[in-house]
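Report on the structure given below.
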Amino acid sequence: MQMKEYKPLIVAFCCNWCSYAGADLAGNNRLNYPAEVKIIRVPCSCRVNPMFILRAFQRGADGVIICGCHPGDCHYTSGNYYTRRRMATLFSMLDYLGIEKERTRVEWVSAAEGAKFAATMNDFVKTVASLGENKRLEDLRCKR
Amino acid sequence: MQKITTEQLIEKAAELMNEGKVASVLGWEKGEFGYDVTPGIFGSVDELKAKFVYGDFSAANLSKYLVKKTEMVQGQALVFLKTERKILIFLKPCDSYSFNQLLTEHRFDREKVYAVGVQCDGMVDIEKVKKIAGDGLLSVDTSGNDVVVKTLYNGDMKIAKADVLAERCVNCKSKKHVAYDELLGETGEVIDSNRFDEVERIEKMTPDERFAFWQNELSKCIRCNACRDACPACTCEKCVFDNPKSGVENKSPANSFEEKLFHIIRAYHVAGRCTDCGECSRVCPQNIPLHLLNRKFIKDINEFYGDYQAGAEVGSRAPLVDYTVNDVEPGEVFDRGDENA
Ligand code: SF4
Ligand code: SF4
Ligand code: FES
């Protein structure tokens, strides 16, 4: 029997004003990035609660990336500055608990950076794929 | 033993009651055994005389009780319903930080509280005593720098208090009272403690070791919620862990994911507001070192955003609801971590 090729599932939280538009631009420009990236649109990167990230892992994500406007460009002025502090501390805590730090990432992608969006996703998927399945924050009840 | 005695505190409380300054007292109440002291509310001098105690087991941090005790009911605080008098609270140095933190968060009305700072000479951890003395404790008393234990099986023994000091007191961060109206005994200084040593030790492990360490610790959790309920920073009226729709409401963790979810969220929720009073670890019936999660956040915050002690002053802005334009990026944090490893 042939093993199904392993494809990581990535959840990307993208803020409505920059990164989501960036993803759109990547599509319009026909830039490739893996279909395993599932985008969830949020009003601002700071809408992402630590619970969202844990939930994503629970429901089967192998990696979670948060994309927002570049610092200083947040539609709500300071949302992404809070995101930055929150995620720095949260990711550090995940690392402290022994959960692979490469599975989480924050990236600033503007609406004009379609290419950056695609490149970021390609790179992130590659990194996560090399780590394999998320075992340390999995919930067997949610396995497909 | 404490330099300040139970009698001195009762005397002070009685004096304030008789003067009509305070209506009730938040203090420590005797339990069945000398060591199971609980928080208590006292409404009269007689009650105080019968049940109040201050000693090496008066570890409970009382600040949180002020939230409910001064709560507004139809525009009037509970204690004010009957009288115009205040509620008296006794604060050890570490409790006074929680007191300030709650004030910062506008969780109670300072006007309705009379705070008496009490000198603290360190608290004893009964679990440590049990480890040395074994089962069948008959009585535990402290005299001077010794703990005198009588046991059923292993006879009587004397243990140096230093050997059974509570973890939070071994690493006491400050003997300074940061809030009080009046002081009994002396107030000390902020101490340059070694409280981050253990966190550093864990940080230096490999990810696999860290994972195994925490898996081992967190899997003991029975989700009694005591850590949340005792925490003076956890005062939300609605908590995600009470919400039946969250799937993680008051029930024991179904698997290791739920354990981690609870602990990450609990610790994260108090990050930047935790005063490191050590109540969570103290009340945990499973002896999970929860303070090591909180201290990790404190240590990170100190390193990333500059030293910050929650509760050191009223009105300071917690680091996670603050920012500067030049903060470190989450990615850089990890690179820096690699250098340490
Ligand atoms: S931590 Fe310090 S102030 Fe708090 S109970 Fe222990 S010795 Fe007293
Ligand atoms: S007090 Fe201990 S056992 Fe109870 S919920 Fe907290 S960590 Fe779990
Ligand atoms: S709106 Fe894009 S990060 Fe706030």
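Under the condition of being on the phi < 0 side of the Ramachandran plot and among the polar types (S, T, N, Q), which residue from segment A:66-105 is farthest from the chain's Cα centre (by Cα)?
Taking segment A:66-105 first, the residues on the phi < 0 side of the Ramachandran plot are A:66-71, A:73-76, A:78-97, A:99-105.
Those left that are additionally among the polar types (S, T, N, Q): A:78, A:80, A:83, A:89, A:92, A:104.
Values: A:S78: 20, A:N80: 15, A:T83: 13, A:T89: 16, A:S92: 16, A:T104: 7 Å.
Filtering segment A:66-105 for residues that are on the phi < 0 side of the Ramachandran plot and among the polar types (S, T, N, Q), the one farthest from the chain's Cα centre (by Cα) comes out as A:S78.
Please verify whether A:V106 is under 18 Å from A:L131 (Cβ atoms) and within 16 Å of ligand 3 (Cβ to nearest atom), treating the condition exactly as stated.
yes
From the residues in segment A:52-65 that are open to solvent by 20 Å² or more (accessible area, probe 1.4 Å) and over 12 Å from the mean Cα position of the chain (by Cα), which one is farthest from B:F304 (Cα to Cα)? Before you say what the answer is, go through the steps one by one.
Filtering segment A:52-65 down to residues open to solvent by 20 Å² or more (accessible area, probe 1.4 Å) leaves A:52, A:55, A:59.
Still in the running and over 12 Å from the mean Cα position of the chain (by Cα): A:55, A:59.
Numbers: A:R55: 26, A:R59: 31 Å.
In this case the residue turns out to be A:R59.
Among the residues of segment B:235-264, what is the count of those that are open to solvent by less than 20 Å² (accessible area, probe 1.4 Å) and either closer than 30 Å to B:N100 by Cβ or among the aromatic types (F, W, Y) (or both)?
6
Would you be able to tell me the number of residues in segment B:33-70 that are open to solvent by less than 40 Å² (accessible area, probe 1.4 Å), in contact with a strand residue (DSSP E or B) (Cβ under 7 Å, 6 or more places away or on another chain), within 29 Å of B:E105 (Cβ to Cβ) and outside any loop (DSSP other than H, G, I, E, B)?
4
If you go through segment B:191-211, how many residues are open to solvent by 60 Å² or more (accessible area, probe 1.4 Å) and either in a loop (DSSP other than H, G, I, E, B) or more than 19 Å from B:S174 (Cα to Cα) (or both)?
Result for segment B:191-211: 10.
Looking only at segment A:1-24, filter to residues that are open to solvent by 50 Å² or more (accessible area, probe 1.4 Å) and assigned to a helix (DSSP H, G or I); which one of those is nearest to ligand 1 (Cβ to nearest atom)?
The selected residue is A:Y20.
Are any residues in segment A:34-87 part of a loop (DSSP other than H, G, I, E, B), under 26 Å from A:R136 (Cα atoms) and either within 16 Å of ligand 3 (Cβ to nearest atom) or more than 11 Å from chain B (Cβ to nearest Cβ) (or both), and if so, which ones?
Answer for segment A:34-87, where residues must be part of a loop (DSSP other than H, G, I, E, B), under 26 Å from A:R136 (Cα atoms) and either within 16 Å of ligand 3 (Cβ to nearest atom) or more than 11 Å from chain B (Cβ to nearest Cβ) (or both): A:P34, A:A35, A:E36, A:V48, A:N49, A:G60, A:A61, A:D62.
Taking segment B:225-242 on its own, how many of its residues are more than 23 Å from B:Q215 (Cβ to Cβ), within 15 Å of the chain's Cα centre (by Cα) and part of a helix (DSSP H, G or I)?
Number of matching residues: 2.
Which one is farthest from B:K173 (Cα to Cα) among residues in segment B:260-286 that are in contact (Cβ under 8 Å) with a residue 40 or more places away in the chain and within 8 Å of ligand 2 (Cβ to nearest atom)?
The selected residue is B:F262.
Condition first: in contact with a Ser or Thr (Cβ under 9 Å, 6 or more places away or on another chain), more than 10 Å from every other protein chain (Cβ to nearest Cβ) and either open to solvent by 40 Å² or more (accessible area, probe 1.4 Å) or not hydrophobic (A, V, I, L, M, F, W, C) (or both). Can you find one or more residues in segment B:324-333 that meet it? Write out each step before concluding.
Going through segment B:324-333, the residues in contact with a Ser or Thr (Cβ under 9 Å, 6 or more places away or on another chain) turn out to be B:330, B:333.
Narrowing the set further to residues that are more than 10 Å from every other protein chain (Cβ to nearest Cβ) leaves none.
Taking every residue of segment B:324-333 in turn, none turns out to be in contact with a Ser or Thr (Cβ under 9 Å, 6 or more places away or on another chain), more than 10 Å from every other protein chain (Cβ to nearest Cβ) and either open to solvent by 40 Å² or more (accessible area, probe 1.4 Å) or not hydrophobic (A, V, I, L, M, F, W, C) (or both).
Within segment B:144-170, how many residues are closer than 22 Å to B:A60 by Cβ, in contact (Cβ under 8 Å) with a residue 40 or more places away in the chain and more than 13 Å from ligand 1 (Cβ to nearest atom)?
Within segment B:144-170, residues that are closer than 22 Å to B:A60 by Cβ, in contact (Cβ under 8 Å) with a residue 40 or more places away in the chain and more than 13 Å from ligand 1 (Cβ to nearest atom) number 1.
Cβ-Cβ below 7 Å, separation at least six or inter-chain, first residue in segment B:206-231 and assigned by TED's automatic domain parsing to the domain that holds B:N255 and under 14 Å from A:E100 (Cα atoms), second open to solvent by less than 40 Å² (accessible area, probe 1.4 Å) and among the aromatic types (F, W, Y): which pairs?
Note: pairs meeting the criteria are B:R210/A:Y96.
When you check A:E100 against the structure, is it modelled with pLDDT of 95 or more, acidic (D, E) and surrounded by fewer than 24 Cβ atoms within 10 Å (Cβ to Cβ), yes or no? Write out each step before concluding.
Working: modelled with pLDDT of 95 or more: no; acidic (D, E): yes; surrounded by fewer than 24 Cβ atoms within 10 Å (Cβ to Cβ): yes.
Here the answer is no, as A:E100 does not meet what is asked.
Specify which of the listed residues (B:K245, B:K251, B:K220) is away from ligand 1 (no atom under 16 Å from the Cβ) and assigned to a helix (DSSP H, G or I).
Just a single option satisfies the conditions, and that option is B:K245.
Tell me, yes or no, whether segment A:111-128 has at least one residue that is within 8 Å of another protein chain (Cβ to nearest Cβ) and either within 15 Å of the chain's Cα centre (by Cα) or over 30 Å from B:K204 (Cβ atoms) (or both). Quick ask: steps written out before the conclusion?
So the first thing to find is which residues in segment A:111-128 are within 8 Å of another protein chain (Cβ to nearest Cβ), and the list is none.
So far as segment A:111-128 goes, no, none of its residues is within 8 Å of another protein chain (Cβ to nearest Cβ) and either within 15 Å of the chain's Cα centre (by Cα) or over 30 Å from B:K204 (Cβ atoms) (or both).
Only one of A:V128, A:V109 is surrounded by 23 or more Cβ atoms within 10 Å (Cβ to Cβ), among the β-branched types (V, I, T) and farther than 30 Å from B:V199 by Cβ. Can you tell me which?
Answer to the check: A:V109.
Inspect all residues belonging to segment B:274-292 and state whether any of them is buried (at least 23 other Cβ atoms within 10 Å of the Cβ) and at the interface with chain A (Cβ under 10 Å from one of its Cβ atoms).
Scanning segment B:274-292 turns up no residue that is buried (at least 23 other Cβ atoms within 10 Å of the Cβ) and at the interface with chain A (Cβ under 10 Å from one of its Cβ atoms).
Being more than 8 Å from chain A (Cβ to nearest Cβ) and either free of Cβ contacts under 8 Å to residues at least 60 places away in the same chain or open to solvent by less than 40 Å² (accessible area, probe 1.4 Å) (or both) is the filter here; which residues of segment B:313-323 pass it? Reasoning before the result, please.
Looking only at segment B:313-323, we keep the residues that are more than 8 Å from chain A (Cβ to nearest Cβ), and these are B:313-318.
B:S316, B:R317, B:A318, listed by residue number.
Could you tell me whether B:E182 is within 16 Å of ligand 2 (Cβ to nearest atom), open to solvent by 30 Å² or more (accessible area, probe 1.4 Å) and in contact (Cβ under 8 Å) with a residue 40 or more places away in the chain?
Working: within 16 Å of ligand 2 (Cβ to nearest atom): no; open to solvent by 30 Å² or more (accessible area, probe 1.4 Å): yes; in contact (Cβ under 8 Å) with a residue 40 or more places away in the chain: yes.
For B:E182, the condition - within 16 Å of ligand 2 (Cβ to nearest atom), open to solvent by 30 Å² or more (accessible area, probe 1.4 Å) and in contact (Cβ under 8 Å) with a residue 40 or more places away in the chain - is not met.
The values are calculated or read from the model by the stated rules, or taken from the named source; none is laboratory data. Every value quoted in this text rests on a predicted model; they were computed, and no experiment measured them. When we count neighbours, we look across all protein chains shown, and the Cβ atoms used for this are built from the backbone with ideal geometry, even at glycine. The accessibility values were calculated without ligands, DNA or RNA, using every heavy atom of the protein model including side chains. Shrake-Rupley method; radii C 1.70, N 1.55, O 1.52, S 1.80 Å.
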